Amino acid sequence: MRGNQLQEYLGVASRVMTTLTTEVLKAVTFMVLFGLLVIYTGNASQQGDTGEDLFPLELASYFPIELDVGQPWFVTAGDIDGDGYIDLVLLSGDMFMVEHEYILRTWAYFVKVDWSTGGVTHTRLLLEHMGRMGPPVEILAPFATITDFDGDGHCDVVLFDNGRRAFVVLRGDGHGSFSEEHVIVPGRYGFVSHFVVADVDGDGYTDLVLADHLLGSVRILWGEGQVKSARSSVYTFPAGHNAANVVTGDFTGDGRLEVAVLGIRTNEIGPIYFVAVFSLDESRQLNLLSITEIGEPDPVVAGVPLALGDYNRDGHLDLLTARSEHGYVLLGRGDGTFVVEEVYWLLGEKAVSQIILADLDADGCLNDIVVGVGLGRVWIMTGCYGGDRLGLVVPVFPVFGWPVSVTVADVNRDGTLDVIVASNPGRGSTYLTVFLGTREGQ
């Protein structure tokens, strides 16, 4: 009955929309759909349907935190100093002109927050890089990961510096101090857009998997205990194919990791997303298992997000991406192949920079957290995929400034995941806004 009610509301809204001018269509449509969401969730509450999720987040009680660290690029979370509390690593920067050339200056910061009060301290890590804006773009890849890279029990931070053609490993001592090392990428090199740190071959050593956007290749630097002198394995796509994002997971159920690459190829109409899955043979060679195309050609493709998780709860890993106002899920069959389904519409949002999958309300279902850089919104998918539950996508309010990146962590240690949004207020600083996860039924 509720699904029919929602369809009737949408039908009325559609007839009203046809009488409006093109200039106001998107704005009014958004307001109507948001109003329908209020009606829909209100009906759910009145009917006492406890099986339906309401919005799984609430704004933290303290005000957003402003940091004088430049404008944000990316944020991620982990317990860096081993005190049991969540810390942040923030990539930020600024841009200025020198002799008619734009220079981009970037930093990595260790941010320590008292999550009960919002009090914050921050320390710039050893890394500071200045690069030219223009081909080649000599900047840090807008991504970092917190991991125990060397297996000493302490959190390290791994980044990629396209200027030096090297991974930057900030080795942590467990108390918030770091030493900087570099892992040079051998062979031909274009521009690294994304990477993964994982033990891909299961030998107990950390490997580095990268997607080279300009060369259209995926490369693995094998650890072997001394990653500086590691051998590498490379697969290069045909000309016209660009590798944009990469994840690792067991897509075949054999207990070993495969590599999945989100790429873009272009035909006479426009770009097309595709996902290629690779297995590894005994000689560590990358073997192509499958290629799955996502959507039709589109003249506008901005952003190459890729998230990993069991989206439909069938025991197989799935992938999620977004392009041109639509979210697409690649449902894994368990053999390295996928079925593509369009799962939602991001109204007016053509550029998505990041997607995270996380169970925010501890109901056993993954929520989609989508960062839209076109409209400057963070979108949350509520409910569960499939079955008799209707998922809805709603924007997160209020976020101060322009959202750039999100991360998830249990900052208040209540057993539910929380969302930290890094946003750009437009005055050379960074704002952090925290939304606390809520358990189902609370």
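At a glance:
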item: Residue match in region 261-271 (condition: modelled with pLDDT under 90 and open to solvent by less than 40 Å² (accessible area, probe 1.4 Å)); result: yes
item: Test for Val209: is it open to solvent by 10 Å² or more (accessible area, probe 1.4 Å), part of a strand (DSSP E or B) and at pLDDT 90 or above; result: no
item: Residue list for region 144-159, restricted to those being open to solvent by 20 Å² or more (accessible area, probe 1.4 Å), within 13 Å of Gly174 (Cα to Cα) and outside any loop (DSSP other than H, G, I, E, B); result: Ile146, Thr147
item: Index of the failed condition, Leu88 passing every other in (1) over 30 Å from Val394 (Cα atoms); (2) in a strand (DSSP E or B); result: (1)
item: Checklist (1) closer than 17 Å to Pro142 by Cβ; (2) touching a Pro at 6+ places or on another chain (Cβ under 8 Å); (3) surrounded by 18 or more Cβ atoms within 10 Å (Cβ to Cβ) applied to Trp379, failing item; result: (1)
item: Meets criteria (open to solvent by 10 Å² or more (accessible area, probe 1.4 Å), aliphatic (A, V, I, L, M) and either modelled with pLDDT of 90 or more or in a helix (DSSP H, G or I) (or both)) for Val247; result: yes
item: Qualifying residues in region 372-428 (those that are in a loop (DSSP other than H, G, I, E, B) and of a type in the set (A, V, I, L, M)) - the one nearest to the chain's Cα centre (by Cα); result: Val373
item: Filter result for Gly332 (closer than 18 Å to Leu317 by Cβ, small (Gly, Ala, Ser) and open to solvent by less than 20 Å² (accessible area, probe 1.4 Å)); result: yes
item: Criterion (farther than 29 Å from Ile355 by Cβ, part of a loop (DSSP other than H, G, I, E, B), open to solvent by 20 Å² or more (accessible area, probe 1.4 Å) and modelled with pLDDT of 75 or more) met by exactly one of Ser116, Ser61; result: Ser116
item: Filter result for the condition that a residue is farther than 22 Å from Leu67 by Cα, among the hydrophobic types (A, V, I, L, M, F, W, C) and open to solvent by 20 Å² or more (accessible area, probe 1.4 Å), over Ala362, Ala351; result: Ala362
item: Check on Leu257, at pLDDT below 95, among the aliphatic types (A, V, I, L, M) and either in contact with a strand residue (DSSP E or B) (Cβ under 9 Å, 6 or more places away or on another chain) or open to solvent by 60 Å² or more (accessible area, probe 1.4 Å) (or both); result: no
item: Glu342 vs. criteria open to solvent by 10 Å² or more (accessible area, probe 1.4 Å), modelled with pLDDT of 90 or more and not basic (Lys, Arg); result: yes
item: Filter result (within 15 Å of Pro271 (Cα to Cα), surrounded by fewer than 17 Cβ atoms within 10 Å (Cβ to Cβ) and free of Cβ contacts under 8 Å to residues at least 40 places away in the same chain) within region 299-327; result: Pro299
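For every residue, the table says whether it meets (1) under 23 Å from Tyr235 (Cα atoms); (2) in a strand (DSSP E or B); (3) out of contact with any Ser or Thr (no Cβ under 6 Å at 6 or more places or on another chain).
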{"site": "Arg284", "(1), (2), (3)": "yes, no, no"}
{"site": "His316", "(1), (2), (3)": "no, no, yes"}
{"site": "Val329", "(1), (2), (3)": "no, yes, yes"}
{"site": "Val339", "(1), (2), (3)": "no, yes, yes"}
{"site": "Val343", "(1), (2), (3)": "no, yes, yes"}
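The values are calculated or read from the model by the stated rules, or taken from the named source; none is laboratory data. Just so it is clear, the model here is predicted, and its values are computed rather than measured. Methodologically, a virtual Cβ is constructed for each residue, glycine included, from the backbone with ideal geometry; neighbour enumeration extends over all protein chains shown. We work out accessible area using only protein heavy atoms, side chains counted, and drop any ligands, DNA or RNA first. Shrake-Rupley method; radii C 1.70, N 1.55, O 1.52, S 1.80 Å.
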